[in-house]
Amino acid sequence: MRLSPPAPEVQYLPAIFRKIQGGDIRIPAFQRDFVWSYNQLLSLLESVYRGFPIGSILFWRVDSRILRVESSGETVFPNLPEKFPLSYVLDGLQRLSALYGCFHWQLVDCESPYNVLFDLDREEFVHYRKGTHPDHYLQLSKIFSPKDFLGSQGALSKEPNADHLLEIAVKLHSSFQEYLVPTVTIFERDVEEVVEIFERINSTGTRLDTVDFLRAVTWSEAFDLNDALSVILNSAEDEGFIIPDETAIKIFAMSLNKDPTPNAMLQLRDLPAKELKGALGLASGSLGKALRFLKQECSIFSYDFVPYEGQLLLLVKYAMSSGPSFNSNVEAMRKWFLCISFNEGYRGKPDSYLVRDMKQVEGFVRGDSPPLTTKLSISEEDFLERSFTRGKALSAAVANLFTSTDPLSIYTGELIQILSYMTEFKSNNYGFIVPLQVLKKTSLGESLHNNRILANILVLNEDESRQFKRDDPVELLSGIHDRLENGDSILHSQMITRKALDFLKAGRFDEFLRTRALAMFEQAKSVVA
């Protein structure tokens, strides 16, 4: 039998709303709750108002119950009995939820992402705030209610600039009434074929959420990936880490002996619910071990300082493979983890690269493979040429490098607690010694846009940040022995040698930075040696 191809069409927005109200369009239980920010929602409304495209919506038309329909109070769609045929929303839920929610919000005096007004004077969308609802604002939930819209027009007609306000109100109504949304509907397909459609859409570059996708293909009455995801994420939060949903799903797949790659994770759909549930303990327990390893062995207390997802996944693989002998090789794993961060070892690497390393870790645990490499591929020049930037692997490694020297405050000489600067990547925890205008005169060149060179950094207590910005860091360090008895210890803890300090005092900033870069590089070598 020849199957019907996916059917593309364009539908008026109000027509889609009527289908939602009638229960013809439903949300599968695997879909996420509404997660858009207030600004994202307003941006979507503005796009429709200005006639911009907002992308297509993907539906799956079915004649019988295949997926459980979301019926929780979290969705703005009406909770109606299921009548077949109906269409599941496979892609575009956030856009549909935002638009439907705004135009059908009933609690007009309640602050909500969906309670949006339109400023007719300024022609802009704003969220409702109690006490700020002047007459020239029109509530979107009144647009498609003929009675409410006529009432709003009547009120506007009494305003001094009534003609202008009424003209904009009609324009607003027409913009949404006549807006056409491209949709694609899949007919006469079973779950396996829908999975393949998802895969092919992914391969052409259309963004689809991996977590939602896996929820779709593994869902059954006996197993809901939402629940599994919550267990894994909660085990991370118990250790103080917030990890991405997608990372948690990959860990879950690994606990079922699947590689954390799209093709391998698709195989989860073939496993029975009992086996899926049984893997949760291994997934959450191994993740907990890996995160405790980061805290105890690497002094890392936040996912901010884990440069690559692959590093965490590989530590989890080590925990799964080593079992009760986990502590036997933690030193080798610590050196590898830090080395990857310094070398930016997973930057731009394909999935196969991580899978290869996982196989080596398994062999290492068994005793038939060497440990992962701990050879640095950077040099002292990297500490001169690279900037300290959140989200960059080398920057995270440098922040972590200070934990190996127990930095002391340049103001008080007291120990700066590791938790204060390794729990969150914040600018207030760091200062930069040589000012930008001075750096521009050095051999580093005039192309510099800031003074955040790695060799120019030091660690501060957060409450010292404001004072540091008022002070002259060069003078502050130059006179450190006059101010504090433990000046040498402070400098050493901040990786500033006596030779570097002499260059700084003499205004020889080129030599200062090069000497400091060398000292930091030598310290990096020592922590992975």
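A single entry from 334, 390, 347, 366 fulfils the requirement of being modelled with pLDDT of 95 or more, more than 24 Å from residue 509 (Cβ to Cβ) and either touching a Lys or Arg at 6+ places or on another chain (Cβ under 9 Å) or not acidic (Asp, Glu) (or both): 334.
Condition first: more than 23 Å from residue 389 (Cα to Cα) and in contact with a helix residue (DSSP H, G or I) (Cβ under 7 Å, 6 or more places away or on another chain). Can you find one or more residues in segment 470-478 that meet it? Yes - at least one qualifying residue is present in segment 470-478.
Could you list, in sequence order, the residues of segment 406-423 that are part of a loop (DSSP other than H, G, I, E, B) and surrounded by fewer than 16 Cβ atoms within 10 Å (Cβ to Cβ)? Within segment 406-423, 406, 412, 414, 417 meet the criteria. Counting only residues that are within 20 Å of residue 167 (Cα to Cα) and in contact with a His (Cβ under 8 Å, 6 or more places away or on another chain), segment 107-138 holds 5 of them. Go through the residues of segment 414-423 one by one and say whether even a single one is in contact with a helix residue (DSSP H, G or I) (Cβ under 9 Å, 6 or more places away or on another chain) and under 23 Å from residue 510 (Cβ atoms). For segment 414-423, residues in contact with a helix residue (DSSP H, G or I) (Cβ under 9 Å, 6 or more places away or on another chain) and under 23 Å from residue 510 (Cβ atoms): absent. Residues in segment 140-178 that are among the charged types (D, E, K, R), assigned to a helix (DSSP H, G or I) and either closer than 23 Å to residue 54 by Cα or touching a residue at least 60 places away in the same chain (Cβ under 8 Å) (or both): 142, 171. Against the conditions (1) surrounded by 14 or more Cβ atoms within 10 Å (Cβ to Cβ); (2) modelled with pLDDT of 70 or more, where does residue 178 fall short? Just the number, please. Just one mismatch for residue 178, condition (1). Considered as a group, the residues in segment 240-257 that are among the β-branched types (Val, Ile, Thr) and in contact (Cβ under 8 Å) with a residue 40 or more places away in the chain include one that is nearest to residue 318 (Cα to Cα), and that residue is 251.
Residue 309 meets the conditions (1) farther than 22 Å from residue 423 by Cβ; (2) crowded, with 17+ Cβ neighbours inside 10 Å; (3) acidic (Asp, Glu) in every case but one. The failed one is (1). Residues that are part of a helix (DSSP H, G or I) and polar (S, T, N, Q) were ranked within segment 470-506; the one that is nearest to the chain's Cα centre (by Cα) is 493. For residue 148, the conditions (1) in contact with a helix residue (DSSP H, G or I) (Cβ under 6 Å, 6 or more places away or on another chain); (2) buried (at least 16 other Cβ atoms within 10 Å of the Cβ) are fulfilled apart from (2). Selection over segment 391-449 of residues that are small (Gly, Ala, Ser) and farther than 24 Å from residue 525 by Cβ gives a count of 9. Put simply, of 249, 300, 232 the only residue that is modelled with pLDDT of 95 or more and within 17 Å of the chain's Cα centre (by Cα) is 232.
Being more than 24 Å from residue 335 (Cα to Cα), of a type in the set (D, E, K, R) and either in the same structural domain as residue 404 (by TED's automatic domain parsing) or free of Cβ contacts under 8 Å to residues at least 12 places away in the same chain (or both) is a property that residue 237 has. When the residues of segment 257-274 are narrowed to those that are under 17 Å from residue 358 (Cα atoms) and surrounded by 15 or more Cβ atoms within 10 Å (Cβ to Cβ), which ends up modelled with the lowest pLDDT? So the residue we want is 262. Screening segment 479-503 for residues that are out of contact with any strand residue (DSSP E or B) (no Cβ under 7 Å at 6 or more places or on another chain), within 25 Å of residue 386 (Cα to Cα) and among the β-branched types (Val, Ile, Thr) and picking the one that is surrounded by the fewest Cβ atoms within 10 Å (Cβ to Cβ) gives 497. If you go through segment 424-469 and keep only what is touching a residue at least 40 places away in the same chain (Cβ under 8 Å), in a helix (DSSP H, G or I) and farther than 29 Å from residue 508 by Cβ, you end up with just 462. Would it be correct to say that residue 200 is among the charged types (D, E, K, R), within 30 Å of residue 264 (Cβ to Cβ) and either buried (at least 18 other Cβ atoms within 10 Å of the Cβ) or at pLDDT 75 or above (or both)? For residue 200, the condition - among the charged types (D, E, K, R), within 30 Å of residue 264 (Cβ to Cβ) and either buried (at least 18 other Cβ atoms within 10 Å of the Cβ) or at pLDDT 75 or above (or both) - is not met. Within segment 109-119, if we keep just the residues that are free of Cβ contacts under 8 Å to residues at least 40 places away in the same chain and either in a strand (DSSP E or B) or hydrophobic (A, V, I, L, M, F, W, C) (or both), the residue that is surrounded by the most Cβ atoms within 10 Å (Cβ to Cβ) turns out to be 117. Selection of helices (runs of 4 or more DSSP H) fully inside segment 251-368 by the criterion of at least 1 residues being among the acidic types (Asp, Glu) and over 30 Å from residue 194 (Cα atoms) returns 280-298, 330-343, 351-366. Is segment 30-37 home to any residue that is in contact with a Leu (Cβ under 6 Å, 6 or more places away or on another chain) and not hydrophobic (A, V, I, L, M, F, W, C)? Yes: segment 30-37 contains one or more residues that are in contact with a Leu (Cβ under 6 Å, 6 or more places away or on another chain) and not hydrophobic (A, V, I, L, M, F, W, C). Figure legend. Inter-residue proximity from segment 401-415: first residues at positive phi, second residues among the hydroxyl-bearing types (Ser, Thr, Tyr), beta-carbon distance below 8 Å, spacing 6+ or different chains. Indicated pairs: 406/493; 413/489.
The values are calculated or read from the model by the stated rules, or taken from the named source; none is laboratory data. Just so it is clear, the structure is predicted and the values come from calculations on it, not from any experiment. When we count neighbours, we look across all protein chains shown, and the Cβ atoms used for this are built from the backbone with ideal geometry, even at glycine.
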